[in-house]
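Q: One structure coming up, written as structure tokens, with questions to follow.
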């Protein structure tokens, strides 16, 4: 602080508290709703004190399943989301490390062509090629498969850039030393490059896990079967406003369950995540 | 890019001699790129020049006619307007709120870490879920806030009133994006040299004056970057919000360009029209990406 202004500091705290309340209120409301009964939820204004049905509602969501989505349980959908998010995060990291490694540490014909091919994928998000991509998925029999949900999302221009940028800061002496000691390319990658990239990998993991978990359009396109729903798509399919059968208490519990894993990853790995986000996007 | 290349070839002179290995290393990513990015994009380009009959049996080359039809379609023009209003609303709201909170978070000493964590975590909430949260709060049949609005005399019903539905999706989309912008503004504020601010303070500039004459101009590169990112977000990543909350309605009042491509192609099976729209979207993404990278390059030049 340049000068002491108690009033200014107080204002700052006040604004931040308001900001946090605005940010947290919708989630708090859903949490409270997830501990109450349907009649209580459907009679606004709902009291803002958590109710007594926490165990019952979450148990029902996780293990009993919901009629609108063919009796699939939130447990099953959570598994799908975990699998998809992990596969996408790990797949993207592995592929981008290998690509960046090839581009930085080898010289070969067409090197820059490949680099630009990866770069251009930035300009072709799935939203601009919905129908033809869907057709490719049908032709390859990838609808309603885990491979279909994950593999097409594993190419990553951003992650490849980040690793390329980082690999370029590795001093030549290190490679020379490794070669003098008789280390081949695999050994160099495994024993020197990967350990040095640990923080980058951790930061990217948080960002990419969140990316995979929050996908919407892609799983909507490539899954029909309720068994294959990610939790976010499943949640959307559970909600039918015109339908008196909608199990609102289960919907609310499932909403919380669908938010929790990526939020935990971001909060627990906050330091790496913030650093990685600011660095990778600039 | 060229600068980077020369830099790179000057720095990295030691390479592994393998001839085949680099291709194998690149193979997985290039294969995915070709099958799931380039081929479908090429298909979209090609289909945008053809018209299929209703049964998908034959198709005929029609040149740019699909584009003419799309651009003349009042629904498409409406969708352009909707997207413009939506993006502008989301970007302005999310950036202004984030900047205010970042400046305040930069001022306080006590509780800094706590405030930061509490403002960062919505980054991990999926756009579709952000939409559903706001839908629950503002749905006439159960939303507490809808109830309060109605009791205050506001005829609130986003299911019927287009502008209210639009306000709802804008707030939901902006709400989710605040944490991302906040992280970047906080990083930008930390990069401003303390000495500059101290010098201004010694010269007698108060906090407001210091903000507008020093902090705000120095944040302009980051603000510009965020403006591009927020526009991309509002264009593409908010599909989940629109799909989950309004389904483009009521009466197409919230039908953004991406939602319309999805609806025309995937739901109504109009391949030619949907492809022409895809190609227009591609052009928009290319422009936005070029702008974004120009910015990155200019930052490299002027530090």
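Nothing in this text is a laboratory measurement; each read-out follows from the coordinates by a stated rule. This structure is a prediction, so every number in the text was calculated from the model and none was measured. As a convention, Cβ positions derive from the backbone with ideal geometry for all residues, glycine included, and neighbour counts pool all protein chains shown.
Q: In vacuo Debye scattering of the protein assembly as shown, one point per C-alpha: log10 I(q)/I(0) at q = 0.07, 0.08 Å⁻¹?
A: -0.46, -0.61
Q: Taking only Cα atoms, what is the 0 to 90° angle, nearest 10, from helix A:130-139's long axis to the longest principal axis of chain A?
A: Orientation of helix A:130-139: about 80 degrees from the principal axis.
Q: Once you keep just the Cα pairs under 8 angstrom separated by 6 or more residues, what percentage relative contact order results for the range B:66-302?
A: So the answer I get is 31 percent.
Q: Another question about this same structure. As a test of the formula, what do you get for chain B when each DSSP H run with n ≥ 4 contributes -39,500 (n - 2.57) and the sum is divided by the residue count, at 222 nm and rounded to the nearest 500 deg cm²/dmol?
A: My calculation for chain B gives -21500 deg cm²/dmol from helical runs alone.
Q: For the range A:34-281, what does the relative contact order come out to in percent, with C-alpha contacts under 8 Å and a separation of six or more?
A: Once normalised by length, the contact order is 34 percent.
Q: At q = 0.16, 0.18, 0.22, 0.25 Å⁻¹, what base-10 log of I(q)/I(0) does the Debye formula yield for the range A:1-82 when every alpha carbon is treated as an equal point scatterer in vacuo?
A: Debye curve over Cα of the range A:1-82, log10 I(q)/I(0) at q = 0.16, 0.18, 0.22, 0.25 Å⁻¹: -0.78, -0.88, -1.07, -1.14.
Q: Per-residue Cβ counts within 10 Å, from other chains only, averaged over A:177-188: what number is that?
A: The mean count of partner-chain Cβ atoms within 10 Å per residue comes to 2.
Q: Further question: Based solely on its DSSP helices, what 222 nm [θ] is calculated for chain A when runs of n ≥ 4 H residues each add -39,500 (n - 2.57) and the sum is averaged over all residues, nearest 500 deg cm²/dmol?
A: Counting only the DSSP helices, I get -20500 deg cm²/dmol.
Q: Further question on the same structure: Using the per-residue mean of other Cβ atoms lying within 10 Å as a proxy for protection, in what order, highest first, do the peptides B:17-24, B:128-135 fall?
A: For the peptides B:17-24, B:128-135, the packing ranking is B:128-135, B:17-24.
Q: Continuing with the same structure: Measure nothing but the geometry: give the 0 to 90° angle between the long axis through the Cα atoms of A:74-105 and the longest principal axis through the Cα atoms of chain A, rounded to 10°.
A: That works out to roughly 20 degrees.
Q: Take the alpha carbon gyration tensor of chain A, find the square roots of its eigenvalues, order them as a ≥ b ≥ c, and report rounded if a/c is under 1.5; if not, report prolate when a/b exceeds b/c, else oblate.
A: Because a/c hits 1.5 or more and a/b fails to exceed b/c, chain A counts as oblate.
Q: I would also like to ask the following. Give me a single rounded figure for A:73-86: the average over its residues of other chain Cβ atoms within 10 Å of their Cβ.
A: 0
Q: Give the distance, in whole Å, between the Cα centre of the range B:242-271 and the Cα centre of the range A:26-94.
A: A separation of 27 Å, based on Cα centres.
Q: I would also like to ask the following. Sorted by packing (mean other beta-carbon atoms within 10 Å per residue), highest first, where do B:278-284, A:103-109 land?
A: Descending packing order for the listed peptides: B:278-284, A:103-109.
Q: Could you work out the relative contact order of the range A:63-184? I mean the mean sequence separation of Cα pairs under 8 Å and 6+ apart, divided by the number of residues, in percent.
A: So the answer I get is 36 percent.
Q: Over all directions, what mean area does the Cα convex hull of chain B project, stated in square nanometres?
A: Its average projected convex-hull area is 24.0 nm².
Q: Hey, rough spin-label estimate for residue B:85 and residue B:293, points 7 angstrom out along Cα→Cβ, what's it come to in nanometres?
A: Placing both labels 7 Å beyond Cα along the Cβ direction yields 3.5 nm.
Q: Give me a single rounded figure for A:114-126: the average over its residues of other chain Cβ atoms within 10 Å of their Cβ.
A: For peptide A:114-126, the averaged partner shielding equals 6.
Q: OK, next. To the nearest 10 degrees, how steep is helix A:198-213 against the longest Cα principal axis of chain A, on a 0 to 90 scale?
A: Approximately 40 degrees, to the nearest ten.
Q: Sticking with this one: Which of the peptides A:194-207, B:104-117, A:151-164 is most tightly packed, and how do the rest follow, going by the mean number of other Cβ atoms within 10 Å of each residue?
A: Output ranking for A:194-207, B:104-117, A:151-164: A:151-164, A:194-207, B:104-117.
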